[in-house]
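This is the structure I have questions about; it appears just below.
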Number of protein chains: 2
Amino acid sequence: MATALQDTLASEIEAMGRKARAAATALATAPRVLKDEALRAAAATLRRQESAVLAANERDVAAGRARQLTPALLDRLALDSKRIAGIARSLEAIAELGDPVGQEIARWQRPNGLDIARVRTPLGVIGVIYESRPNVTADAGGLCLKAGNAVILRGGSESSHSSAAIHACLVEGLATAGLPVDAIQLVATTDRRAVGHLLALSRYVDVIVPRGGRSLIERVQAEARMPVFAHLDGICHVYLHSSADPAMARAIALNAKMRRTGICGAMETLLCDRSVAGALLPPILDDLARAGCELVGDAEVMALDPRVGAATEEDWRTEYLDAILSVKLVDGLEEAIGHIEAHGSHHTDSIVAGDQGAAATFLARVDSAIVMHNASTQFADGGEFGMGAEIGISTGRMHARGPVGVEQLTSFKYQVRGNGQTRPG
Amino acid sequence: MATALQDTLASEIEAMGRKARAAATALATAPRVLKDEALRAAAATLRRQESAVLAANERDVAAGRARQLTPALLDRLALDSKRIAGIARSLEAIAELGDPVGQEIARWQRPNGLDIARVRTPLGVIGVIYESRPNVTADAGGLCLKAGNAVILRGGSESSHSSAAIHACLVEGLATAGLPVDAIQLVATTDRRAVGHLLALSRYVDVIVPRGGRSLIERVQAEARMPVFAHLDGICHVYLHSSADPAMARAIALNAKMRRTGICGAMETLLCDRSVAGALLPPILDDLARAGCELVGDAEVMALDPRVGAATEEDWRTEYLDAILSVKLVDGLEEAIGHIEAHGSHHTDSIVAGDQGAAATFLARVDSAIVMHNASTQFADGGEFGMGAEIGISTGRMHARGPVGVEQLTSFKYQVRGNGQTRPG
């Protein structure tokens with residue numbers, strides 16, 4: 001009986017995959033105007049259906065309270081008029097983005113007269129697995145649609161009613177534009193085994209994008225039978241080189257840690273050259289402590305400020321996602337790079353330096369998706385990069401690395417134009 | 001006992017992976033001049049060691065004869081002075097290619113003054129699994145090295161002595177340039193289980209490139225726990241649109257099929273618009289038949305030439321890799337595209353047409369790695385595309401699609417340059 005139910009679930013997920021593949025074929029050549037019309041109609045529907053979406057969200061929030069979710073989780077889950085307006089505006093902003101499909105990435109001529117163009121195409125079918133934030137339903141659905149991809153969304157059970165209500169608006173947008181409604185599907189069941197079936201569906205799903213906590217990402221990376229765009233950790237470093245401008249170092253360190261402590265681009269470890277630590281660090285540690293940041297460090301850092309606690313080896317590999325910072329002294333660029341490579345997560349790392357040579361070495365040698373010179377790690381964001389919006393940040397090396405926006409949700413093909421060329425020999 | 005041996009083999013392969021990862025880290029920032037020196041020194045060593053390489057090859061060929069390999073396989077396997085010179089020249093040609101590592105793919109400024117560059121980096125560690133041609137040892141090793149990647153090579157057992165001799169020359173090239181000799185490793189054992197261990201080594205191997213027959217590709221695609229750059233089939237079509245120039249159609253059809261019948265870009269199915277078949281096809285069928293091509297087709301094609309046999313449904317999905325062609329009439333562009341999507345392998349497909357609108361529709365809608373207008377499908381080749389050399393052709397949609405040359409063997413990172421920017425809000 002359990003097996004029969006399981007089989008039913010597997011075939012339901014497989015049927016979604018099959019429908020997604022068919023929708024993807026139709027979407028691949030859909031003109032921009034229809035995709036944008038679908039996005040704008042979805043935004044309009046969302047505004048019109050505000051009370052229905054809020055009612056659905058109220059069911060989720062009530063259930064979350066009953067399940068004693070933390071205030072932080074309840075806040076992520078809750079919608080109000082302002083948040084719904086924000087979701088609608090995001091959909092309209094995606095409509096404003098250029099259409100990546102058909103865009104020429106490169107074009108060249110061969111001596112025999114062949115004209116070769118590398119042109120963006122959709123990737124195909126994308127699976128997005130996410131946790132409590134219901135706005136991901138609209139953002140991920142909208143970005144995938146814009147890039148000509150079909151998408152299968154699987155939200156968290158705690159936001160299931162909200163996601164279903166938002167998804168209904170997206171489907172209405174697709175229908176209004178005359179696009180296949182299967183282009184954006186939502187896994188309705190809250191049965192957790194549905195995720196396993198989705199991760200096995202490599203026949204229909206080309207890539208999986210997980211959005212959520214570490215345990216979700218780990219499960220997806222371990223089980224997925226298709227490529228995954230994700231980052232497990234954002235253990236981001238700021239390294240203060242001996243040539244750093246003190247005021248700049250101070251501003252960047254405070255911002256990189258404290259602007260938002262819960263995002264993946266927040267600094268988790270501050271490295272500082274030993275030779276300048278006595279002059280550079282005290283005001284920075286003071287800024288951070290006054291801003292409410294807990295500090296841990298090695299013995300020399302502890303000696304600089306009594307508020308600094310002792311760091312353990314574990315601290316150097318910890319993503320706090322909170323107002324906590326580990327601080328360590330190093331003997332120059334080589335040791336800093338070595339520490340980052342040994343303890344970091346290849347997400348975003350920044351050097352503050354006046355010395356252009358040191359900066360160039362850091363940018364070339366640190367093997368992270370994003371490397372920065374004289375800028376806050378909090379800029380690690382698709383919007384800040386000018387990509388318009390992102391579905392996530394990837395630390396993988398295949399296909400997409402760094403912020404994943406509409407362009408990273410595409411593949412490409414070669415278009416070769418000739419006038420009758422045949423190949424000799 | 002068998003289990004203990006198996007465990008030993010697994011840990012040997014794992015040790016190779018670990019050494020490859022360490023070598024990749026060193027190679028990632030190796031300057032172009034050293035990589036090129038290693039390639040040129042390997043070529044020089046290969047010329048100097050010609051007699052040793054030929055002696056090793058003679059052992060493989062003798063064993064192949066004893067195992068009664070087909071003449072075609074023995075020819076693939078056999079080396080002579082001329083072929084060794086060709087392999088050495090290929091290594092020197094790779095040295096001449098531009099270094100993709102550090103190349104700027106894109107660069108833009110943000111309103112806040114941040115300068116963002118997308119810069120090529122190596123992929124990491126590449127596993128190459130190939131069959132009898134011993135030259136793949138040098139070509140694949142050289143291309144991976146040029147792109148800053150470490151590589152683990154696994155050649156076929158029938159060419160094991162030849163591959164080992166060529167590999168020794170590559171290692172000597174690395175040593176001459178002072179680069180890590182683990183950058184190009186060869187799995188020495190002919191134990192077939194080594195392939196399974198390599199395909200499971202996702203911790204150390206970032207991508208697998210299989211080169212060989214269908215059964216090898218199928219096994220790799222089924223078992224690999226990392227991305228695979230490959231194509232299973234090259235079922236390439238030429239479609240003669242009603243607006244095709246007759247002389248051009250004739251030249252392209254003959255070349256696409258008969259220049260070389262055993263390469264993946266060879267035409268396997270010819271489609272022709274029904275409205276012009278009576279005028280267009282007879283001279284083309286005659287050319288092909290006279291050139292020794294076996295023809296099969298639907299009833300209408302059979303009626304055009306008595307030498308055409310009956311095609312079965314199976315023919316439309318068969319990669320002959322031989323002097324055989326299936327021919328079918330269609331009612332215009334839509335049916336042609338539908339046939340290609342339903343029966344093709346998304347490798348290379350070409351339209352012959354004078355009508356620019358029809359050609360544009362074909363290039364946009366046919367979902368293949370390479371789509372062509374008025375050119376022979378035999379141009380589906382990295383060298384013909386101007387990439388210098390290729391490690392293979394991929395029909396996958398992730399990361400690399402079409403010919404896989406040095407650029408496709410790279411990843412990228414973002415370098416962000418600021419002057420003290422912090423993120424507001």
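Could you list, ordered by first residue, the pairs with Cβ atoms under 7 Å in which the first is in the range B:253-269 and within 10 Å of chain A (Cβ to nearest Cβ) and the second is part of a loop (DSSP other than H, G, I, E, B) and of a type in the set (D, E, K, R), at least 6 apart or interchain?
Every condition considered, the pairs that remain are B:255/A:423; B:259/A:423; B:265/B:381.
Right, another one. Which of (1) within 14 Å of chain B (Cβ to nearest Cβ); (2) within 29 Å of residue A:136 (Cβ to Cβ) does residue A:213 not meet, given it meets every other one?
(1)
Follow-up question, since we're still on this one. How many residues are of a type outside the set (A, V, I, L, M), closer than 18 Å to residue B:421 by Cα and buried (at least 21 other Cβ atoms within 10 Å of the Cβ) when one looks only at the range A:363-381?
Selection size over the range A:363-381: 6.
Of everything in the range A:152-173, what is in contact with a Gly (Cβ under 9 Å, 6 or more places away or on another chain) and either closer than 17 Å to residue A:131 by Cβ or not assigned by TED's automatic domain parsing to the domain that holds residue A:78 (or both)? Give them in sequence order.
A:152, A:153, A:154, A:156, A:158, A:159, A:162, A:163, A:164, A:166, A:167
Is it true that some residue in the range A:364-381 is more than 7 Å from chain B (Cβ to nearest Cβ), under 22 Å from residue A:254 (Cα atoms) and small (Gly, Ala, Ser)?
For the range A:364-381, residues more than 7 Å from chain B (Cβ to nearest Cβ), under 22 Å from residue A:254 (Cα atoms) and small (Gly, Ala, Ser): present.
Which count do you get for residues in the range A:382-407 that are more than 7 Å from chain B (Cβ to nearest Cβ), in contact with a strand residue (DSSP E or B) (Cβ under 6 Å, 6 or more places away or on another chain) and either on the phi < 0 side of the Ramachandran plot or modelled with pLDDT of 95 or more (or both)?
Here the count works out to 9.
Within the range A:365-380, can one find any residue that is over 28 Å from residue A:269 (Cβ atoms) and touching a Leu at 6+ places or on another chain (Cβ under 6 Å)?
no
Yes or no: residue A:415 modelled with pLDDT of 95 or more and more than 7 Å from chain B (Cβ to nearest Cβ)?
no
Which pairs have Cβ atoms under 7 Å, sit 6 or more apart or on different chains, and link a residue in the range A:134-160 that is over 25 Å from residue A:196 (Cβ atoms) to one that is modelled with pLDDT of 95 or more and part of a strand (DSSP E or B)?
Listed by first residue and then by second, the contacts come to A:145/A:184; A:147/A:122; A:147/A:410; A:148/A:122.
Now for a separate question. Might you let me know whether the range B:243-264 holds any residue that is at positive phi and at pLDDT 95 or above?
The answer is no; no qualifying residue exists.
Tell me, please, whether a residue that is closer than 29 Å to residue A:367 by Cβ, of a type outside the set (A, V, I, L, M), assigned by TED's automatic domain parsing to the domain that holds residue B:31 and free of Cβ contacts under 8 Å to residues at least 40 places away in the same chain can be found in the range B:174-194.
no
Ok, one more. It is to be established whether one or more residues within the range A:109-121 are exposed (fewer than 14 other Cβ atoms within 10 Å of the Cβ), of a type in the set (A, V, I, L, M, F, W, C) and part of a strand (DSSP E or B).
no
Considering only residues that are assigned to a loop (DSSP other than H, G, I, E, B) and surrounded by 24 or more Cβ atoms within 10 Å (Cβ to Cβ), which ones fall in the range B:131-151?
Once the filter is applied, which keeps residues that are assigned to a loop (DSSP other than H, G, I, E, B) and surrounded by 24 or more Cβ atoms within 10 Å (Cβ to Cβ), the range B:131-151 yields B:132, B:134, B:147, B:148, B:149.
Would you check if there is a residue in the range B:68-82 being more than 25 Å from residue B:212 (Cα to Cα) and either within 14 Å of chain A (Cβ to nearest Cβ) or without any contact (Cβ under 8 Å) to a residue 12 or more places away in the chain (or both)?
Step one: filter the range B:68-82 for residues more than 25 Å from residue B:212 (Cα to Cα), giving none.
No: zero hits.
Given (1) basic (Lys, Arg); (2) within 14 Å of another protein chain (Cβ to nearest Cβ); (3) without any contact (Cβ under 8 Å) to a residue 60 or more places away in the chain, where does residue A:203 come up short, assuming only one miss?
The failed condition is (3).
Here's a follow-up. Limited to the range B:331-349, what total is found for residues that are touching a strand residue (DSSP E or B) at 6+ places or on another chain (Cβ under 6 Å) and within 10 Å of chain A (Cβ to nearest Cβ)?
1
Before we move on, is residue B:93 touching a residue at least 40 places away in the same chain (Cβ under 8 Å), over 28 Å from residue B:219 (Cβ atoms) and away from chain A (no Cβ under 14 Å)?
Spelling it out, residue B:93 is indeed touching a residue at least 40 places away in the same chain (Cβ under 8 Å), over 28 Å from residue B:219 (Cβ atoms) and away from chain A (no Cβ under 14 Å).
When you go through A:377, A:422, A:410 one by one, which is the residue that is of a type in the set (Ser, Thr, Tyr), within 23 Å of residue B:410 (Cα to Cα) and at pLDDT 95 or above?
A:410
Looking at this structure, is residue B:270 at pLDDT 95 or above, assigned by TED's automatic domain parsing to the domain that holds residue B:52 and crowded, with 21+ Cβ neighbours inside 10 Å?
No, not satisfied.
What single numbered condition from (1) modelled with pLDDT of 95 or more; (2) more than 9 Å from chain A (Cβ to nearest Cβ); (3) farther than 13 Å from residue B:236 by Cβ fails to hold for residue B:352?
Failed condition: (2).
Another question, then. Being of a type in the set (Lys, Arg) and loosely packed, with under 15 Cβ neighbours inside 10 Å narrows it down to one residue among A:317, A:290; which is it?
Being of a type in the set (Lys, Arg) and loosely packed, with under 15 Cβ neighbours inside 10 Å holds for just one of A:317, A:290, which is A:290.
The values are calculated or read from the model by the stated rules, or taken from the named source; none is laboratory data. Bear in mind that the values here come from a model prediction, so they are computed numbers and not experimental data. Here the Cβ is made from the backbone with ideal geometry for all residues, glycine too, and neighbour counts use every protein chain on show.
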